[in-house]
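The values are calculated or read from the model by the stated rules, or taken from the named source; none is laboratory data. Everything numeric in this text was worked out from a predicted model, so none of it was measured. Glycine also receives a Cβ, built like all others from the backbone with ideal geometry; neighbour counts cover every protein chain displayed.
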Amino acid sequence: MGLMGRMGMNTRNLRFRSNRVRDILSLFHEELDGMYGSGEVGVFLDMLFEAFLGWDKVRLLTSREQTIDQSDLLRFHWALEDLKRHRPIQHIIGYTDFCGCRIEVSPDVLIPRPETDEMVNWTLSILSSPLSTLRFLDLCTGSGCIAIALKKAFPAADVTAVDVSPEALEIARQNAQNNGVEVRFVEGDVLGGANGVNGQYGLIVSNPPYVRDSERAQMAANVLDYDPALALFVPDDDPLRFYRAIATIAKGHLADDGQVVVEINEALAEETCAVFKAQGFNPKVHEDFRGKPRWVSAALNP
Ligand SMILES: C[S@@+](CC[C@H](N)C(=O)[O-])C[C@H]1O[C@@H](n2cnc3c(N)ncnc32)[C@H](O)[C@@H]1O
């Protein structure tokens with residue numbers, strides 16, 4: 001149902017005890033703690049109050065006795081209903097924060113993940129030494145989050161980002177504009193040689209699809225129902241197809257002192273390294289904040 005249709009709803013039917021902030025918080029915790037845990041519901045509430053009312057956490061903490069408008073109350077009502085249906089909070093508010101950039105999301109793009117944020121922060125830390133080639137390439141860019149974060153951190157860099165999905169690229173372009181950066185977005189198939197890739201790059205980065213079809217059964221409903229399948233899944237009989245393609249592209253287009261950084265399936269770290277070794281790279285596995293193998297960096301062997 002669109003927002004207008006939703007707005008037409010009879011607000012007397014809302015189950016909140018009153019328009020008071022304290023009662024909104026209570027109903028969210030009563031109805032959602034069993035599903036998500038109280039800590040996560042607290043995070044949702046922080047995000048919703050910021051998105052709907054522009055309140056930061058301190059304002060929320062100190063405003064429990066305040067009342068809000070009926071139209072705002074209706075938005076909380078629908079957010080509660082959506083969360084009960086496992087709709088991701090980022091789709092409810094329309095954005096997420098990634099490496100200090102606000103990134104809009106829709107069902108056409110993967111919601112950027114904290115592990116990817118961590119990988120990009122690590123990547124930025126290794127790029128701080130002088131680079132001979134300030135040209136960066138982001139393969140499988142989706143919302144554009146990685147390319148945009150790189151360009152923000154290195155304004156002088158020439159950043160190209162490739163994705164096969166025109167719908168994703170439309171959002172990525174909007175995100176670049178919203179963040180005030182210029183990135184060259186190219187529609188291309190990474191498995192087919194990657195249109196738009198040319199010359200040498202100091203960094204080739206990618207978070208490609210890497211979840212095996214057989215791993216679907218272990219995934220949460222809010223991922224399966226709301227993230228695009230194109231962004232996630234690879235066939236069980238060839239789960240490393242993107243890494244082979246990326247290693248081949250890197251072999252032809254990585255500057256001598258350049259780095260490749262790719263997010264990986266935690267169950268396939270060794271196999272992913274083998275793909276890069278076969279192309280003459282010296283890959284290293286890095287763990288994320290949960291202690292899981294999460295990304296591989298690789299430079300060309302001297
Ligand atoms: C895991 S998502 C990553 C999105 C974003 N880089 C991030 O980290 O949040 C993978 C992306 O790969 C794109 N993709 C899938 N198949 C592709 C292909 N053959 N060539 C290029 N991009 C592809 C999907 O459209 C999706 O945007």
For LEU25, are the conditions met, namely being modelled with pLDDT under 95 and either of a type in the set (A, V, I, L, M) or crowded, with 19+ Cβ neighbours inside 10 Å (or both)? no
Specify which of the listed residues (ALA172, ALA153, ALA220) is buried (at least 21 other Cβ atoms within 10 Å of the Cβ), assigned by TED's automatic domain parsing to the domain that holds GLY258 and under 19 Å from the mean Cα position of the chain (by Cα). ALA172
Please tell me if VAL164 is assigned by TED's automatic domain parsing to the domain that holds VAL262, among the β-branched types (Val, Ile, Thr) and more than 9 Å from the ligand (Cβ to nearest atom). no
Output the residues belonging to the stretch 135-187 that are closer than 22 Å to LEU232 by Cβ and hydroxyl-bearing (Ser, Thr, Tyr). THR141, SER143, SER165
Going by the structure shown, is GLU115 over 20 Å from VAL262 (Cβ atoms) and either modelled with pLDDT under 95 or acidic (Asp, Glu) (or both)? no
Just to confirm my filter: which helices (runs of 4 or more DSSP H) fall fully inside the stretch 185-271 and include at least 3 residues that are within 11 Å of the ligand (Cβ to nearest atom), among the hydrophobic types (A, V, I, L, M, F, W, C) and touching a residue at least 40 places away in the same chain (Cβ under 8 Å)? 229-232, 241-253
Evaluation of VAL234 against (1) in contact with a Ser or Thr (Cβ under 7 Å, 6 or more places away or on another chain); (2) buried (at least 19 other Cβ atoms within 10 Å of the Cβ) (one fails), failing number: (1)
Could you tell me whether the stretch 70-79 includes any residue that is under 23 Å from the mean Cα position of the chain (by Cα) and at pLDDT 95 or above? yes
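Yes/no per residue for (1) over 17 Å from the mean Cα position of the chain (by Cα); (2) buried (at least 23 other Cβ atoms within 10 Å of the Cβ):
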position: CYS145; (1), (2): no, yes
position: ILE148; (1), (2): no, yes
position: ALA161; (1), (2): no, yes
position: VAL164; (1), (2): no, no
position: ASP189; (1), (2): yes, no
Among the residues in the stretch 119-136, are any crowded, with 16+ Cβ neighbours inside 10 Å, under 22 Å from ALA229 (Cβ atoms), within 17 Å of the chain's Cα centre (by Cα) and touching a residue at least 24 places away in the same chain (Cβ under 8 Å)? no
